[in-house]
Amino acid sequence: MANSTDFISPESCFSLPDLFLERVSRSPDSVAYRHFSSSRKGWLDLTWQEMLTLAKRWRNGLKNENLSVGDRVAIMLPNCPEWILFEQAALSLGLIVVPLYANDRPESIAYILEDTKSRIVILPGNAYWGRLAPALTGITSLQKIITIDLCWTDGKNNSLVCLDDWLPPADNSPGGYTPTTHETATIVYTSGTTGPPKGVMLSHMNILDNCYFGLQRMAVYPEDKFLSFLPLSHMLERTAGYYLPMMAGSTVAFARSIPDLGEDMLTEQPTVLVAVPRIFERIHSEIKRKLTAKPAIAVALFEKAVSVGWNQFEYTQGRAPWSVSFLILPFLDRLIGAKIRDKFGGHLRIIITGGAPLSGDISKLFLGLGLPLYQGYGLTETSPVISVNTREDNDPNGVGTPLQGIEVRSGPGDELLVRGHCVMQGYWKNQQATAETIDPDGWLHTGDRATIQKNGHIRITGRLKEILVLSNGEKVAPADMEMAIAMDPLFEHTMIIGEARPFLTLVSVLNEHLWKQLAEELSVPDDESSLMLAEVEDAVLKRVEIQLAHFPGYAFVKHAILSLSPWTVENGLLTPTLKLKRKIIEKRLKEQIKKTYTIL
């Protein structure tokens, strides 16, 4: 538990803007945020008092728009101080904030803006507006589109305005609207992997309590520095990487971009990092790829460092005996582990990962190298954290135990059911979906299959709707197979198909660099047409078989559909949180899939 006089409890604030004001009051001169200024070519600090001064200007700007309590305003910005300022100003006026992913498709953004009847939207610059404008034709609710950089008006849209022109002087008049604990603070749209996204309504209480009980599980202090790079439109980052550090009095540094993440870690030396498994999968694949070019002795030393480090981790957790091999760990750590940790800035003491399952092998590698990795679990619908591992009780095969005040139990089909302060108010304008998700007794049906162990730990075993049933009746969890296959860095993206079909097929995008190596080994051209060759498919399936060695015999992949064209958010094959849009991928590859399953 966090023991600090700067720690703010829910009893000290009744809404999210109350939390902000309380933080300013307690530590006005402490650094709240750090951000990189391209114009000044360096990192700049903003104290809590400076943030309040700026927030008053933003609040006055929104007041001048003559909005009513409960109106929706949308924000589509990268992580930056302006994201915080816009949201705090909006919440203090009783407005409901609708976060948007800056990398989402224009059609998805238009759907959300229309569904919420948002009155204001703020964008990074005119380039974004130019991309969005065709999709927003006919949306009459928008009265103002604000851009924060690259500002110029096109003369065609009177609603378009530059931030510098829109921001008035600060309004220092007393009083104003104060939201109550149970009012809706935000509508957050789910990724929509299987259909149109649904708007999750979360109250001030939902988020405040989730932060508070999260801090009871994982101690965070004013001296901590978070590096924020997961989009603030993602509830994991918003709760754990924005409001939680505000509650604890920590500093947040906004990373410039994913490509700059490595350099930002070295520069900012964070102590806390919040991420999704895809980040660790990429790092793991890169490490494995580089090892292929190393001499055998270097590979052996690396594997020994991971193995001994992992065994010591298990020993500290009380799950393994002491071993004499621990005596060489300091040497191995200086040689291997410390160098890897230095690439993360060298000061990390907490790494939280959630949003999707993380492979046990990847957890073993990072924990074995001394990185403090804690897997958690949650949903947008639960504000989002349901459970998380802790320093003293860290089982990477699961997602920890529920936070205080959260009940869990198993439902039909081993579905995990959740009840407590974290559960959403419901889906925006969708009573039917709300009733299907939250039963009359208040239990939220997660859609995830899970086992709850005697010690309270939760293990997620798959998605109910993603179970494949082959034509012979055998049932397969594709996500487990996909994670296992992805441990081979050759595979950039993986998807298993086979519903109501006689066998399983792998649909995959290959890593371009490793594909060229494989093509050379097979003496075939390294262009995409070679992916159709039988010898290439055979070589790929042999590698798949190695990764699936521990799966049941019926979990056998018979064919592979291969590509070098990445699956991205922009081409509509991934959600903004980088999850597979399975139905759309299958639809795009309809003819290839049909050919694969054609019986000759």
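Bear in mind that the values in this text are calculations on the coordinates, not laboratory data. Values in this document were obtained by computation on a predicted structure and should not be read as measured data. Positions of Cβ are generated from backbone atoms using ideal geometry, with glycine treated the same way; all protein chains shown enter the neighbour counts.
Mind checking which aspartates and glutamates have their C-alpha under 18 Å from residue 581, skipping anything on the same chain fewer than 8 residues away? Partners within reach: 104, 107, 448, 466, 480, 482, 492, 499, 570, 591.
Annotation: lysines with alpha-carbon distance below 20 angstrom to residue 288 (same-chain offsets under eight excluded): 304, 339, 343, 364, 516, 542. Restricting the GluC sites (Glu not before Pro) of region 519-590 to loop positions (DSSP other than H, G, I, E, B) with no more than 15 neighbouring Cβ atoms within 10 Å leaves 570.
Sorting 209, 414 from the fewest to the most surrounding beta carbons within 10 angstrom yields 414, 209. By other beta-carbon atoms within 10 Å, ranking 13, 211 with the fewest at the front produces 13, 211. Placing R0 at 22 angstrom, the Cβ-Cβ distance between residue 103 and residue 165 gives a FRET efficiency of 0.25 after rounding to 0.05. Can you give the angle from 0 to 90° between the axis of helix 296-316 and the longest principal axis of the chain, with both taken from C-alpha atoms, to the nearest 10? For 296-316 against the chain, the angle is about 60 degrees. At an R0 of 41 angstrom, the distance between the Cβ atoms of residue 503 and residue 143 translates into a FRET efficiency of 0.15.
Computed from Cα atoms, the angle from the helix 81-92 axis to the main principal axis of the chain rounds to 60 degrees. The angle between the Cα long axis of helix 534-547 and the longest principal axis of the Cα atoms of the chain comes to about 70 degrees, rounded to the nearest 10. Spin-label model, residue 356/residue 441: points 7 Å from Cα along the beta carbon direction are separated by 3.4 nm. Where does the Debye-calculated log10 I(q)/I(0) of the chain sit at q = 0.08, 0.11, 0.12 Å⁻¹, using only Cα point scatterers of equal weight, no solvent? Rounded to two decimals, the profile gives -0.60, -1.15, -1.35. Shape summary of region 198-319, radius of gyration then Dmax from alpha carbon positions: 18.2, 56 Å. If a spin label sat at a point 7 angstrom from the Cα of residue 391 along the line to its beta carbon, the backbone N atoms of region 331-373 nearer than 16 Å would be those of 347-352, 370-373. Normalised by the number of residues in the chain, the mean separation of alpha-carbon contacts (under 8 Å, six or more apart) gives a relative contact order of 11 percent.
Annotation: lysines with alpha-carbon distance below 16 angstrom to residue 144 (same-chain offsets under eight excluded): 63, 117, 156. Here the gap between residue 597 and residue 22, fully extended at 0.36 nm per residue and compared with their Cα-Cα distance, gives a gain of 200.8 nm.
The mean sequence separation of alpha-carbon pairs under 8 Å and at least six residues apart, normalised by the residue count of region 1-121, gives a relative contact order of 22 percent.
Treating each Cα of region 470-600 as an identical point scatterer and ignoring solvent, apply the Debye formula and state log10 I(q)/I(0) at q = 0.10 Å⁻¹. Log10 of I(q)/I(0), two decimals: -0.31. Where only DSSP H runs of four or more residues are counted, the chain gives -9500 deg cm²/dmol as its mean residue ellipticity at 222 nm, each run worth -39500 (n - 2.57). Taking other C-beta atoms within 10 angstrom as a stand-in for reagent exposure, 310, 43, 428 fall in the order 43, 310, 428, fewest first. Using the Cβ-Cβ distance between residue 472 and residue 294 with R0 set to 51 Å, the FRET efficiency from 1/(1 + (r/R0)^6) comes to roughly 0.70.
Multiplying the residue separation of residue 430 and residue 263 by 0.36 nm and subtracting their alpha-carbon distance yields 55.7 nm. Averaging Cα coordinates gives a centre for region 343-361 and one for region 407-449; these two points are 28 Å apart.
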